Amino acid sequence: MKVGYLGPEASFTHNATRTAFPNEELVSYHSIPACIKGVEFGEVDLGVVPIENTIEGSVNTTVDYLFHQTTIPVGAEIVLPIYQQLMVSKKNQARWLETTKIMSHPQALAQSQEFIRTYFPLAELEATPSTAYAANFVASHPNQKIAAIAPKMSAETYDLEIVGKDIQDVEINQTRFWVLGAEKIELPIQSEHQKLTIALTMPNNMPGALHKALSAFSWRDIDLSKIESRPLKTTLGEYFFLIDINVQKPQLLLDNALEEIRLMGGTVKIFGNYAIHPINGV
């Protein structure tokens with residue numbers, strides 16, 4: 001089986017994918033849409049993409065593409081602890097405080113702001129397609145005073161030296177990844193519980209539309225763990241709502257809640273009903 005992931009090798013997504021699929025052929029993609037399209041076009045059987053981070057919130061590229069452009073189901077979720085490392089070429093290890101540019105994925109840069117402000121207030125920050133891309137670039141340009149923020153595996157892969165360990169702003173930092181391509185996916189990682197993720201829209205100009213939609217869950221004592229809005233990309237001020245539901249009630253009760261929303265004129269798109277698989281000690 002082939003499993004696509006947001007690459008390159010040694011990125012956080014690669015780490016999560018390798019842990020979840022240790023015996024499968026892994027295929028790297030340069031962007032989230034490219035990975036999802038790889039599943040759509042049959043280039044790979046499954047795809048792994050980031051969906052949310054503790055510090056930076058939802059990955060809007062993933063949410064919007066899955067809502068607007070595809071019906072690929074979510075079959076599992078992987079939760080990976082995120083530890084950011086500052087790394088330089090071994091040639092620059094002794095003078096790492098002279099770094100003039102720090103490169104990384106935008107989310108990694110955002111997750112490490114306090115460290116950057118403390119040690120490199122004047123350094124240029126350059127966003128890259130992935131943390132591993134930044135590490136590879138630093139390794140390829142040892143004569144430049146540059147550093148990368150990336151996972152520990154990137155330092156090992158690209159032979160860099162870690163000079164700032166666990167520099168993320170929040171100690172407990174995690175990223176959720178969705179496994180796309182099938183309604184149910186078995187992973188060799190113990191699961192915690194089930195989650196149902198939906199996107200709903202309500203009729204325009206309906207007074208209290210969101211309140212009425214949420215009441216369908218409230219009076220049934222259905223637990224919602226997340227709700228956020230995203231633009232419908234039609235008219236300014238129109239949104240869809242992304243909702244995570246903890247699956248603790250009978251399926252019929254959940255189905256009835258969704259049907260009630262449809263009867264009020266709302267539309268419901270189900271992303272998936274899937275198990276949560278936390279990764280520990282990676």
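What follows is calculated from the coordinates using simple rules that are stated; it is not laboratory data. Being a predicted model, the structure only gives us computed values, none of them experimental. Note that we place each Cβ from the backbone using ideal geometry, even for glycine, and neighbour counts take in every protein chain shown.
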**OP:** Determine, at each q value in 0.11, 0.15, 0.19 (inverse angstroms), the log₁₀ of I(q)/I(0) that the Debye formula gives when each Cα of region 1-142 is one equal point scatterer.
**Re:** -0.46, -0.80, -1.14
Subject >> Selection of GluC sites (Glu not before Pro), region 186-282, meeting DSSP coil and at most 15 other Cβ within 10 Å >> reply: GLU186, GLU192, GLU238
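How much net charge surrounds ARG220 when only the other residues with a Cβ under 13 Å from the Cβ of ARG220 are counted, with Lys and Arg +1 and Asp and Glu -1? Write down the numbers at each step before the final one.
Working: positive: LYS249; negative: ASP221, ASP223, ASP255, GLU259, GLU260.
Charge balance near ARG220 sits at -4.
Please report, ordered by residue number, every helix of the chain (full DSSP H runs) that is 15 Å or longer along its axis going by C-alpha atoms and whose mean Kyte-Doolittle hydropathy reaches 0.0. List each step's numbers first, then the result.
Numbers: long enough: 251-263 (18 Å, 0.25).
Helices meeting the criterion: 251-263.
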Original post:
If you count the DSSP beta bridges with both ends in the chain, what percent of them are antiparallel, to the nearest 5?
Top reply: 70 percent
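I need the trypsin sites (Lys or Arg not before Pro) found in region 65-171, filtered to DSSP loop residues with at most 13 other beta carbons within 10 Å of theirs.
Working: sites: LYS90, LYS91, ARG95, LYS101, ARG117, LYS145, LYS152, LYS165; in loops: LYS145, LYS165.
Passing both the DSSP loop test and the Cβ count: LYS165.
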**OP:** Measure out, as a whole number of angstrom, how far apart the alpha-carbon centroids of region 18-52 and region 54-100 sit.
**Re:** 15 Å
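With an 8 Å cut-off on Cα pairs and a minimum separation of 6 or more residues, tell me the relative contact order of the chain in percent.
Numbers: 616 pairs, mean separation 66.1, N = 282.
Once divided by the residue count of the chain, the mean separation gives 23 percent.
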Original post:
Tally Lys/Arg at +1 and Asp/Glu at -1 over every other residue whose Cβ is under 11 Å from the Cβ of PRO33; what's the total?
Top reply: -1
Subject >> At most 16 other Cβ within 10 Å, DSSP loop - chymotrypsin sites (Phe, Trp or Tyr not before Pro), region 203-246 >> reply: TRP219
Subject >> Net charge of neighbours whose Cβ lies under 13 Å from the Cβ of LEU109, counting Lys and Arg as +1 and Asp and Glu as -1 >> reply: -3
**OP:** Using a cut-off of under 19 Å, list every residue of region 58-96 whose amide N is near the label point 7 Å from the Cα of LYS2 along the Cα-to-beta-carbon line.
**Re:** 72-73
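Counting only DSSP beta bridges with both residues in region 1-131, what percent are antiparallel, rounded to the nearest 5?
Roughly 15 percent of the DSSP beta bridges within region 1-131 come out antiparallel.
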